[in-house]
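The values are calculated or read from the model by the stated rules, or taken from the named source; none is laboratory data. Note that this is a predicted model, so its numbers are computed, not measured. Here the Cβ positions follow ideal geometry from the backbone for every residue, glycine too, while neighbour counts run over all protein chains shown.
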């Protein structure tokens, strides 16, 4: 499985990559790291990821708009929202637009790992 990590925080991108590459999630290769939605769409067009972790609050293009664009581009992509927004309506909007799971920041490595496993098992 190919994975794209989208977050405007370098620290969060690095942490998600570390959890994924730490061996607990076999068979996932990271094909891109994006710091906003515009960059995410550009990388997704070339790399065709199977799984995307998506922040919601980013410059240039926010996570909801990016989810809409990715779902048009890759209708079977599995998106896990990773966001500090504990606002339920925003999470529901993300799910309505095609995201398949949600993890709130701050998260533990185990919370992230379990959420990614759930999203990877989700059928479009």
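Applying the criterion of at least 2 residues that are surrounded by 23 or more Cβ atoms within 10 Å (Cβ to Cβ) and either modelled with pLDDT of 95 or more or touching a helix residue (DSSP H, G or I) at 6+ places or on another chain (Cβ under 8 Å) (or both) to the helices (runs of 4 or more DSSP H) found wholly in the stretch 34-124 leaves 37-47, 63-73. So in the stretch 9-24, with the set limited to residues that are touching a strand residue (DSSP E or B) at 6+ places or on another chain (Cβ under 9 Å) and either modelled with pLDDT under 95 or not in a helix (DSSP H, G or I) (or both), which one is surrounded by the fewest Cβ atoms within 10 Å (Cβ to Cβ)? Among them, the one singled out is 21.
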